[in-house]
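Working notes, beginning with the structure itself.
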Amino acid sequence: MQVDTIYEGPIAMTRKGFGFFSLSSKATKSKKSDEDLIIPPEWTAHALAGDIVKVIPAGMYQDPAGRMPPRASGKVIEIISRARETFVGTLIEDAGKILLAPDYKKMYVPIEIVNTRNVQLGYKVLVRLQDWKEDATYPTGFVEEIIGNAGVHETEMRALALGQGFSPNFPPGVVIEAKRLESEGAAMLAEETKNPGRCDFRNVPTCTIDPADAKDFDDALSIQKLANGKIEVGVHIADVSFFVKPGNALDKEAYERATSVYLVDRTIPMLPEILSNDLCSLKPNEDRLAVSAVFTLDNEASVLDSWFGETIIHSDKRFTYEEAQEVLDKGEGVLFTELSMLQDLSKKIRAKRQANGAIEFDTAEVKVELDAEGVPIAIHLKEQKATNRLIEDFMLLANEAVAKHLAALGTKGKTPFASLYRIHDVPDTDRIENLANLLRVMGYHLKTSGSGNVTGAELNKLLEAVKGKPEEYLVKTATLRSMSKAIYATQNIGHFGLAFDFYTHFTSPIRRYPDLVIHRLVKAHSGGTKISEQEMREFDALALHASEREVAAADAERDSIKMKQVEFLADKIGQEFDAVISGVTERGLYVEEKTTHADGMINIRSVGDDFFEYDEKHYCLTGRRTKKTFQLGDPIRVKLIAARIPEKELDFVPA
C-alpha cells in the first residue's frame, strides 16, 4: 500500500472517537484485516459518522493501552461532505457551557450551543451544526427549533422525526400550492375525467383493501370476466403526478422527503393532506384519477396481455383487511364474487413466485396501542390476513410488470432512457458460509455452490424445514442477517429475495417518491409528458437519495416503537419474563421479550458465575469452567433490572 494513495468514502466512528475506513470491495475480495483502516481520534480531522472523507494510509497503529494488536491506520486529510447537518438532543450544562447531548448514538461528542438566549436546560432542541475548529474540544451549532420538554410524548415523537431529517411542517411554498389545490383541485380533477385519453374503468367492479387506520388509499383493484372467458385485473394506483409536476414546490419537497414516515402514533406524510388524504386518495363512491397496470389473465393466473396508462376509476367499496376477510370467510357480502376471484388468482400468483425461488420470510410487525396521552397500554403482533397477502401479490405483479415494460421501452429507442429499479443483491458469500456452518452444527444442510452462493429455493426449503421447531427463530434470524439490503438503482441486477429479473416501485406514489417518478415514465412513454434529459441524468442521484431517506425513515419508525416498548416495561423493573436470545456478541446477549417483543441486553458480566467466551461461528457464549452455553435462538427466563426511556434501552439478567 503506497503512502501517496488517497482514498475517498464514508467514515465510521466509535463512541470513543476512533474512525474506521473500509477499503473493501466485491472486486478485490481482500481479507478483513486489510479492509478497515483504523483512524485514531487525533487523525480524524473532526470527521463525524458517515461523512465522506479523503484518507491516506498512515502506517501501523500501536494501541498505547495494548488492548488491540497493531493494525493498518489511516489519516483524514479532507472532509468532503457532512452526512448530517442537523442534530436533535437534550440541552445540558457542563463547565459553564450549554451543550447539546445528541440523541444520535453515532455522534460521539456534544455540540456547544452558540445562541443560548431563551434556551432551557432539559429541553429537546434541533441544532444545526456550524463549525468544528481545529483546536476546539467540541463542534459548535445553533438552536434552530425548540421542540419541548424532554420525556413528554409529543416532544419525543417530534424529536424522533426531526432527528432523521423529517419535519412535520411543510415549507411556505408547499403550503401555498396546497392551499391552491384545496380551492381548485376538485375542479381540476373533474375536468380531467373528461379527457378522452384516459381509459375509463368507472363501470368495472373496483375496491380498495387497506389497514383499518389507513387515511390514504393509493391502490385499488378492479376485476371482471371477459367475453372470451379470460379475466381482466386492473391494479389502479393514485395519479399523484397529475397534481405534482416536476420542479414545483410540492415536487421539490416530495423529493427531499422521498418517503412518508410512520411513527407509532402519527404519519409524517411526503405530501400535504389535501393530496394524500383527499384528491389522490382512491375514496369509495368518487371518481379518481389513476395510473394503471391492467392484466388479462387465464384461470391459472398466467399473464396473457398487459396494458399500462392513465385511467379514471370509481371505487365501489373501501374494505379493511378484516372486512374483506370476513366476506371471504362467510362466502357472502359486498363484492364476494370479485373478492373470491382475486383470492383464487392471488394464490396461484404466489405459488408461481415461490416456485421461482422467491423467499417467504413471514416476518411479523409490532403494533403498539396508545391511550389519549400517548402512553402505551398494549403491545402485540399485527395479524396477517389472507387479504394482506392478496393485495401484496397483485402489487408485486404490477411492480414487476412495469419494470419489465419500461426496460423493454428503454432498449427500443435510439437514445435509451434511464429508469429506476428496486434491486436486491445476492447475499454476501462469506455470510452464507457462516450461515451454512451454523446450520451444520444444528443438523441442517444448506446447499450452496462451491463459491458460497445460494438460491432462494434452497433458503425456502430451509425455512420450511424449521417451521414450528424450537430453532425456527434462530434460523430465520440468522438467515435474514445474511441477506443484502434492497435499494434503488438505475442499473438493474434483479431482485434476489423476490426472484424477479426486473422489479421497481410503482404502487405507492402517495408515500414514496420513486413511485411518482415511475408514473411519470409510464406516462411519458404512453403519449404523456416526456421526461427531460436533465431529469434522466439526475436519476442516479435520486436512487441514492431515496435509498438513504428510506433507511432514515425506517430508523425513526423502529425507534418510536422501541421507545414505547421501553416505556411500557419501565414500571415492571424486578419482574421476570420469558424471552429468546436474539443476538450474541462479545459484549453479551441480546434478548427479545416474548410478550412485547422488546429487545434488551444481558451484559456479559451478568450472564453467569463463569468467564464466558464468544464463539462467532456458532452464535453462542460458552462458560470456560462450566461449559454452559447460551446460543442464538435459545429460550431464556430473564429479570428486568433497568429501563432507560431516553436511550430506548432495557437491561436484563438471567432469572
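The values are calculated or read from the model by the stated rules, or taken from the named source; none is laboratory data. All of these numbers come straight from a predicted model, not from anything done at the bench. With ideal geometry, Cβ positions are generated from the backbone for all residues, glycine too; neighbour counts draw on all protein chains shown.
Considering each of GLU360, GLU332, GLU383 in turn, give the residue that is over 23 Å from the mean Cα position of the chain (by Cα), of a type in the set (Asp, Glu), more than 21 Å from VAL233 (Cβ to Cβ) and not in a helix (DSSP H, G or I).
It is GLU332.
Can you tell me which residue in the range 625-635 is farthest from ARG587 (Cα to Cα), limited to those that are surrounded by fewer than 17 Cβ atoms within 10 Å (Cβ to Cβ) and in contact with a strand residue (DSSP E or B) (Cβ under 6 Å, 6 or more places away or on another chain)?
PRO635
Among the residues of the range 146-190 satisfying the criterion of being surrounded by fewer than 16 Cβ atoms within 10 Å (Cβ to Cβ) and of a type in the set (Asp, Glu), which is farthest from VAL264 (Cα to Cα)?
GLU184
Condition test on THR490, is it assigned by TED's automatic domain parsing to the domain that holds ARG637 and either under 25 Å from the mean Cα position of the chain (by Cα) or more than 30 Å from LEU381 (Cβ to Cβ) (or both)? Step through it out loud before you land on a result.
Details: assigned by TED's automatic domain parsing to the domain that holds ARG637: no; either under 25 Å from the mean Cα position of the chain (by Cα) or more than 30 Å from LEU381 (Cβ to Cβ) (or both): yes.
Judged against the criteria, THR490 is not a match.
Filter the range 615-627 down to the residues that are free of Cβ contacts under 8 Å to residues at least 24 places away in the same chain, of a type in the set (Lys, Arg) and out of contact with any Phe, Trp or Tyr (no Cβ under 8 Å at 6 or more places or on another chain) and list them by number.
The answer is LYS627, and nothing else.
Is it the case, given these coordinates, that HIS445 is in contact with a helix residue (DSSP H, G or I) (Cβ under 8 Å, 6 or more places away or on another chain), outside the structural domain of TYR590 (by TED's automatic domain parsing) and within 30 Å of LEU160 (Cβ to Cβ)?
no
Only one residue in ASP131, ASP219, ASP213 is assigned by TED's automatic domain parsing to the domain that holds LEU345, at pLDDT below 95 and either farther than 30 Å from VAL522 by Cα or buried (at least 20 other Cβ atoms within 10 Å of the Cβ) (or both). Which one?
Testing whether each residue is assigned by TED's automatic domain parsing to the domain that holds LEU345, at pLDDT below 95 and either farther than 30 Å from VAL522 by Cα or buried (at least 20 other Cβ atoms within 10 Å of the Cβ) (or both) leaves just ASP213.
Being surrounded by 23 or more Cβ atoms within 10 Å (Cβ to Cβ) and not hydrophobic (A, V, I, L, M, F, W, C) is the filter; apply it to the range 379-399 and report the residue that is nearest to ALA489 (Cα to Cα).
The selected residue is ASN399.
I'm trying to understand the selection: among the residues of the range 347-390, which are under 23 Å from ARG266 (Cα atoms), touching a strand residue (DSSP E or B) at 6+ places or on another chain (Cβ under 7 Å) and not acidic (Asp, Glu)?
ALA364, VAL366, LYS367, VAL368, LEU370, PRO376, ILE377, ALA378, ILE379, HIS380, LEU381, LYS382 - these are the residues of the range 347-390 that are under 23 Å from ARG266 (Cα atoms), touching a strand residue (DSSP E or B) at 6+ places or on another chain (Cβ under 7 Å) and not acidic (Asp, Glu).
Whether any residue in the range 337-359 is surrounded by fewer than 14 Cβ atoms within 10 Å (Cβ to Cβ), modelled with pLDDT under 95, touching a Leu at 6+ places or on another chain (Cβ under 6 Å) and within 30 Å of ILE561 (Cβ to Cβ) is what I want to check.
No, the range 337-359 contains no residue that is surrounded by fewer than 14 Cβ atoms within 10 Å (Cβ to Cβ), modelled with pLDDT under 95, touching a Leu at 6+ places or on another chain (Cβ under 6 Å) and within 30 Å of ILE561 (Cβ to Cβ).
Consider GLY497 against the criteria (1) touching a residue at least 24 places away in the same chain (Cβ under 8 Å); (2) closer than 30 Å to ASP278 by Cα; (3) part of a loop (DSSP other than H, G, I, E, B): it satisfies all of them except one. Which criterion is unmet?
Of everything listed in (1) touching a residue at least 24 places away in the same chain (Cβ under 8 Å); (2) closer than 30 Å to ASP278 by Cα; (3) part of a loop (DSSP other than H, G, I, E, B), GLY497 misses just condition (2).
Only one of (1) under 30 Å from LYS252 (Cα atoms); (2) buried (at least 19 other Cβ atoms within 10 Å of the Cβ); (3) of a type in the set (Asp, Glu) is not met by GLU593, so which one is it?
Only one criterion in (1) under 30 Å from LYS252 (Cα atoms); (2) buried (at least 19 other Cβ atoms within 10 Å of the Cβ); (3) of a type in the set (Asp, Glu) is unmet by GLU593, namely (1).
Quick one: which strands (runs of 3 or more DSSP E) sit completely within the range 225-321 and have at least 1 residues that are under 20 Å from HIS525 (Cβ atoms)?
Here the list reads 231-238, 287-297, 303-314.
So that you can scan it fast, the table gives a plain yes or no per residue for (1) in contact (Cβ under 8 Å) with a residue 12 or more places away in the chain; (2) touching a Pro at 6+ places or on another chain (Cβ under 6 Å); (3) in the same structural domain as TYR138 (by TED's automatic domain parsing); (4) farther than 18 Å from ALA161 by Cα:
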| site | (1), (2), (3), (4) |
| --- | --- |
| LYS75 | yes, no, no, yes |
| GLU93 | yes, no, yes, yes |
| LEU99 | yes, yes, yes, yes |
| LYS106 | yes, no, yes, no |
| GLU112 | yes, no, yes, yes |
| ASN115 | yes, no, yes, yes |
